[in-house]
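Everything on this sheet refers to the single structure shown next.
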Amino acid sequence: MSTSFDSYQPIGLQRHRPRTRAQYRMRRETLVRIVLSVIFYVSLWRATGMWYGLPANFDDSVGKDPMPMRLLLMSLVPLIGLYCVLEPRRVFELIRSASPLVGIICLCVFLSIAFSVSVGSSLRALVAVALLTAGPILYRARYGAVETFECLAKFAIAAAFINVLYTAAFPQFAVMRGSYAGMVKGAFYHKNMLGQFSATNFILLLPFKSGPRLRYSDLLRWAAMLLYLLLIVVAKSSTAVVLLSIGIAIFYGMGFIQRFPGRVFRSFVVLLGFAILGFLVSVALMGVAQAVAESFGKDLTLSGRTNVWEQLLPLIFERPLTGWGFALFRQPEIMEQYVRLTWDAQSTHNTYIELALNMGIPATVIWTSFVVMRVVAKMTSAPLNRALAITKRKEVVIIILILIGAFTEAGMMLAPFILWPHTVIALTSLGPEFLSRFRKPTKAGNQHASG
């Protein structure tokens, strides 16, 4: 055996350096996942506004965020900045791949701020919306739709148990008083928030993985779904019941649509489905909604919402192009200034009217068109991967529920609303070509990449 000195290779160059690079990549990937996970869950938590001790009388807490909620929002600034330092190229590519319509919407937002009657209030609202938008998009762009929805499901399971336990332990805070006496709001500001959150998360938790044996995670999922049904009932939210019914119908209807071959034919089926859904909502479903409302001791006059809208509609045409200022009519003091009723109207109770007041008619049309185009594109796609196909169906359900709920509730779009992170994730469209720029194509990667 040769013992020549030339047969020995520099150990540091041959062995340790590649191993060091691999270890560095692993540590960097671990750090990125930790940072993005914290950003993601903080964004979800802050959007819900869940906190201990929120007043049982809604009028006592309107427009008053607890200090911990403000700190949570501000904590996103350094966290998002850290991620941008860790992966600047991915952030740049994400911005570059944005739809031109997104750029136009951003321009409309800045114009509404420039002509706002209260620039400071509009800027603060923009910062909140931007921070709660960035986190979900960054996580969705990094790990794909399937894994993102799995994380949403984990948060939904935890939130279900938290609200039930909170209601049982602190009924003095969780059960509303005043005009909503006896209705449960859990750890939220208002019982309507709990109802909408519960209806959406019930659809989100619909299982798509079936195995020969029942796992503990499956038991938790089913338990959380039952708890959400219970929360909808005790919240006495007729809107949540209607949204839940529509969501279940859309979820399973999408499974039927995805079986059709050819995108053109699926588009025809989707348009036909929209026509049928519109008919059901306007005719048949109104009877069901009336029965549900009466069972909760309410009526279907929209709790005086029509009186609010009659006073707000003329204001739209006073400033039709740029509106009164971004997010201005989400503030109770502005509503008190322009709306005169025998009861306190704390919001517009209609997101489309609110958007037109805040940003003008053109911006509202552009934003609504963007959302509708995205939901139609997702409805007409048919991914081959089963997990991805079911995730697409959940994205469609979330978007349509937001579009429908926006007719009777304010702040459901372009606002730090409880389901705004869900909406951002569902609207995001990043195909396999985006993820392939940053990692080698693998089976798992193909499953998680989505449009």
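Kindly write out, for region 386-394 in residue order, the coupling ³J(HN,Hα) from the Karplus curve 6.51 cos²θ - 1.76 cosθ + 1.60 (θ = phi - 60°), rounded to whole Hz, with x marking Gly and Pro.
Here the 3J(HN,Hα) series is 5, 4, 5, 5, 5, 4, 4, 4, 5 Hz.
Which of the peptides 165-171, 230-236 is most tightly packed, and how do the rest follow, going by the mean number of other Cβ atoms within 10 Å of each residue? Mind showing how you got there, number by number?
Numbers: 165-171: 14.3, 230-236: 22.3.
Ranked from most to least packed, the peptides come out as 230-236, 165-171.
Once phi is turned into ³J(HN,Hα) by the Karplus curve 6.51 cos²θ - 1.76 cosθ + 1.60 with θ = phi - 60°, what whole-Hz value does each residue of region 36-42 show in order, with x for glycine and proline?
Once rounded to whole Hz, the list reads 5, 5, 4, 4, 5, 6, 5.
Using a 10 Å cut-off on Cβ atoms, rank the peptides 417-423, 38-44 from the highest mean neighbour count down. Provide the component values of the computation, followed by the final result.
On the way: 417-423: 25.3, 38-44: 21.6.
Answer by packing, highest mean first, reads 417-423, 38-44.
Sorting check: for 76-83, 189-196, 320-327, 377-384, which peptide has the highest mean count of neighbouring beta carbons within 10 Å, and how do the rest follow?
Details: 76-83: 16.1, 189-196: 25.1, 320-327: 23.5, 377-384: 17.8.
Going by the mean number of other Cβ atoms within 10 Å, highest first, we get 189-196, 320-327, 377-384, 76-83.
Of Lys185/Lys394; Lys154/Lys394; Lys185/Lys378; Lys154/Lys236; Lys154/Lys392, which sit over 27 Å apart, Cα to Cα?
Lys185/Lys378, as the Cα separations exceed 27 Å there.
Laboratory data are not the source of any read-out in this text; all were calculated from the coordinates shown. What you are looking at is a predicted structure, and each value in this text was computed from that prediction instead of being measured. In this analysis, Cβ positions are derived from the backbone assuming ideal geometry, glycine residues included, and neighbour counts consider all displayed protein chains.
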